[in-house]
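A quick write-up on the structure given underneath.
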Amino acid sequence: MDRFIIRGGQRLRGDIVIGGAKNAALKLLVAGLLTSERLVLHNVPRIADIATMRRLLEQHGLTVEDVDGTGGTLAVGGAITNTEAPYDIVSRMRASILVLGPLLARCGEARVSLPGGCAIGTRPVDMHLKGLEALGAEITLENGYINARAPRGLVGDRIVLPFASVGATENLLMASCLARGRTEIINAAREPEIGDLVACLNSMGARITGTGGGTLTIEGVEALHGATHHVMPDRIECGTYACAAGITGGELRLVGGRLEHLGAVVRTLEEAGVEVLQEDDALRVRRTGALRGVDIMTEPYPGFPTDMQAQFMALLSVAEGASMVTETIFENRFMHVPELNRMGARINVHGSSAIIRGVHALSGAPVMATDLRASFSLILAGLAAHGETILSRVYHLDRGYEAVEQKLARCGAQIERVRD
Ligand SMILES: CC(=O)N[C@H]1[C@@H](OP(=O)(O)OP(=O)(O)OC[C@H]2O[C@@H](n3ccc(=O)[nH]c3=O)[C@H](O)[C@@H]2O)O[C@H](CO)[C@@H](O)[C@@H]1O
Ligand SMILES: C=C(OP(=O)(O)O)C(=O)O
């Protein structure tokens, strides 16, 4: 298990190129199940979750070709030969559940392991299943697996989601592309990654309207064809490095970052004393003075993203005054708090809220990553802390951040990966 050794205290300066979005690329790869033709994706991030998704699709029978040998362009093609998604892959990465809708739509059957919970919450998939049942699927749960059948094919319907779930929206969206007739998804999630998926599906011949508006309307088609698509930039990676500029008092140009995806994040950064400006194809981020405490509540897009909550907790740990952070999306997403407190932060958790009392400085310590974003919050704390931080369980980070140590070191960070 790799570790990072970070020596804090450097102000980061320079350019960081933002990669393709993990939470878009994973679903775009799954869309390859919806066609027998070739789907070519550019700007795919080189991260462990993409490797896991490749394994999943390959065991379904698809080929995933690394077109130029860099891992940045993948072509999905071939025929589905197996409709089962096994536990050992699904338990590793929850986004695997997204093969359920496409397999059902294409093959009329699927057997997908129940993903179960993870460190940040129980994460049920009831909305995915109810939505697919509304489209005519027959679903049973047995031996930890979802057995789904649609012997007569899926038929469009009006589905009202009780909560704007990202995954349920995506599963139902992909399934309904090949359903007979019209499907309406009411209270659909509005995250930009869904817009990216819709754009790709439409370029494959799907007929989807309503992106970003909360209701998606899908007119089913007989078949989808191949296409070429460029994965959108990762707004969470971008926001994370913006926090790195803020916490170290440096200045970073985040190349490829797009302001329009980061409204709530940028407003919060600016309130906290970190300026963000769009400059040609980059965002320029710098701290304008002392960091100030701010209150945050996570919400579905366009609200403040839960995937940025942990990184802001690190930033606010060294801000002047108090901050209150309320997590409304996941019930257990404060796992980084005890670790930040071991580095000198003063954070108290009360139910779904955390009160942060800003301290002058953090001090390096051995800390443990518990999930993807928590990992980066500890890196941020380590970059700002006096002394040495040793972050273990870096595999959590590798799931979703590409070349972290190279990107940070090029901007002056002292960070080193130790392979055990
Ligand atoms: C791979 C990917 O894109 N992951 C993102 C996706 O996760 P994911 O798609 O899992 O997130 P959802 O929006 O579905 O989940 C939000 C909340 O709804 C609950 N829920 C969801 C589905 C369901 O059937 N029943 C139910 O109760 C979940 O337990 C959670 O508490 O969106 C989250 C919210 O922006 C992000 O934090 C994740 O990074
Ligand atoms: C929670 C996340 O991912 P996943 O849904 O894959 O666990 C994330 O990207 O922060």
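The values are calculated or read from the model by the stated rules, or taken from the named source; none is laboratory data. Owing to the predicted nature of the structure, the values given are computational and were not obtained by experimental measurement. As a convention, Cβ positions derive from the backbone with ideal geometry for all residues, glycine included, and neighbour counts pool all protein chains shown. Ligands, DNA and RNA are stripped out before the accessible areas are found, and what is left, the full protein with its side chains, is counted by its heavy atoms. Shrake-Rupley method; radii C 1.70, N 1.55, O 1.52, S 1.80 Å.
Overview of results
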| item | result |
| --- | --- |
| Failed criterion for GLY167 (all others in (1) in contact with a helix residue (DSSP H, G or I) (Cβ under 7 Å, 6 or more places away or on another chain); (2) open to solvent by 10 Å² or more (accessible area, probe 1.4 Å); (3) farther than 15 Å from LEU216 by Cβ hold) | (3) |
| Elements of type helices (runs of 4 or more DSSP H) contained in region 24-128, each with 3 or more residues being out of contact with any Pro (no Cβ under 6 Å at 6 or more places or on another chain) and open to solvent by 20 Å² or more (accessible area, probe 1.4 Å) | 48-59, 100-107 |
| Residue check, VAL64 within 16 Å of ligand 1 (Cβ to nearest atom), free of Cβ contacts under 8 Å to residues at least 40 places away in the same chain and either outside the structural domain of LEU197 (by the TED database) or touching a helix residue (DSSP H, G or I) at 6+ places or on another chain (Cβ under 8 Å) (or both) | no |
| Complete set of residues in region 373-393 that are buried (at least 24 other Cβ atoms within 10 Å of the Cβ) and within 16 Å of ligand 2 (Cβ to nearest atom) | ARG373, ALA374, SER375, PHE376, SER377, LEU378, ILE379, LEU380 |
| Pairs, first modelled with pLDDT under 95 in region 318-337, second part of a loop (DSSP other than H, G, I, E, B), C-beta under 6 Å, six or more apart | ASN332/ILE120 |
| Matching option when the condition is in contact (Cβ under 8 Å) with a residue 12 or more places away in the chain, touching a helix residue (DSSP H, G or I) at 6+ places or on another chain (Cβ under 9 Å) and open to solvent by 10 Å² or more (accessible area, probe 1.4 Å), among GLY212, GLY257 | GLY212 |
| Any chance GLU416 is surrounded by fewer than 24 Cβ atoms within 10 Å (Cβ to Cβ) and within 18 Å of GLU237 (Cα to Cα) | no |
| Filtered residues of region 1-51 (kept if within 16 Å of ligand 2 (Cβ to nearest atom) and free of Cβ contacts under 8 Å to residues at least 60 places away in the same chain) | LEU29, ILE50, ALA51 |
| Filtered residues of region 346-371 (kept if buried (at least 24 other Cβ atoms within 10 Å of the Cβ) and not β-branched (Val, Ile, Thr)) | LEU362, ALA369 |
| Filter pass, ALA189 being open to solvent by less than 10 Å² (accessible area, probe 1.4 Å), more than 25 Å from VAL265 (Cβ to Cβ), within 15 Å of ligand 1 (Cβ to nearest atom) and at pLDDT 95 or above | no |
| Pair list, Cβ under 8 Å, 6 or more apart: region 120-143 residue closer than 25 Å to ALA310 by Cβ and basic (Lys, Arg), other residue within 13 Å of ligand 2 (Cβ to nearest atom) and open to solvent by less than 70 Å² (accessible area, probe 1.4 Å) | ARG123/ARG94; ARG123/PRO115; ARG123/GLY116; ARG123/GLY117; ARG123/PHE330 |
| Residue tally, condition at pLDDT below 95 and within 14 Å of ligand 1 (Cβ to nearest atom), over region 138-186 | 0 |
| Check on MET343, within 26 Å of ILE18 (Cβ to Cβ), open to solvent by less than 20 Å² (accessible area, probe 1.4 Å) and in the same structural domain as VAL266 (by the TED database) | no |
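Residue-by-condition table, conditions (1) in contact with an Asp or Glu (Cβ under 9 Å, 6 or more places away or on another chain); (2) free of Cβ contacts under 8 Å to residues at least 60 places away in the same chain; (3) over 29 Å from ARG94 (Cβ atoms):
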| residue | (1), (2), (3) |
| --- | --- |
| ARG342 | no, yes, no |
| ALA361 | no, yes, yes |
| VAL367 | yes, yes, no |
| ALA374 | yes, no, no |
| ILE379 | no, no, no |
| HIS396 | yes, yes, no |
